[in-house]
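Novice: Structure provided below as structure tokens; questions to follow.
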Amino acid sequence: MDNKLKISFTVITVIIGFMIAIQFQTVKEPVVRDTRDIWELREALLKEKEVNSNLLSETRSVEAKLEQYKTEQQSSPEQALKQTLEELKTEMGLTEKTGPGLILTIEPSMEEILLGEKVQNVSPELLERLVNELNQYDAVDIAIDGHRLINTSVIRDINGETKVDGNSIKKIPFEVMVLTKDVNAAKDLYNRMQVSRSVEDFFIDNLRVSISKPLEKLTVPEYKDTIRIRFMEPVKERGGNE
């Protein structure tokens, strides 16, 4: 009888322990938690609202352009096409552009100058990090050493030389020009770049990034290389019965 009682007690204990384990697994908090405080959450929410507002503004702008294009197409289709072409060229970076912004000068660090050493090159990884950070901080247009960046631009090392879309950066110092949407955005970008991680990375490579005060008018050059279009072909006109 004692053995049966012990076995029953053991089975009941195992069942209760298993049920407690399942309940604990169900109600326990997830391993990864959002540890942001209320102010960080408010800032993230504000950022998302700004993104949403920008998307709505762009949508309205596109809709307005479509209506304008329809109207102009009826009265003067040639003028409508010409205007649309100019707008597309501007958005693609094929025209010179002027607006508020900053100039970042990449130059040897003072320590290297005092030691008489000469920095020969800047790595493409550093430039890519800088460009990514500038885009993260809402840069509108960027030109590196006089070479305008577009959506298909490539920064890479070719035979030991850092090249932007095939154009070599042959000298240090050189400038990185950045346009922003307005003066306030330029001021905000200036403040952010003062504590930039990518700027610190340049210093590790014996380079210094000097940041100009926000400028009301800064002109970046147009993209001068040939844009190669692949995997695209004109749409064939369909017949009336198709």
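What follows is calculated from the coordinates using simple rules that are stated; it is not laboratory data. Nothing here was measured: the structure is a model prediction, and the numbers come from that model. Cβ: placed from backbone, ideal geometry, glycine included. Neighbour counts: every protein chain shown.
Novice: Ranked highest first by average number of other Cβ atoms within 10 Å, how do 157-166, 184-193, 90-99 line up? Display every interim value, and only then the final one.
Specialist: Numbers: 157-166: 13.6, 184-193: 17.2, 90-99: 15.3.
In descending order of packing, they fall as 184-193, 90-99, 157-166.
Novice: Counting only pairs 8 or more places apart or on different chains, how many lysine pairs in the stretch 98-220 have C-alpha atoms closer than 22 Å?
Specialist: 8
Novice: If Lys and Arg each add +1 and Asp and Glu each add -1, what is the summed charge of the other residues whose beta carbon sits under 11 Å from the beta carbon of ARG156?
Specialist: Working: positive: LYS163; negative: GLU125, GLU128, ASP157, GLU161, ASP165.
Charge balance near ARG156 sits at -4.
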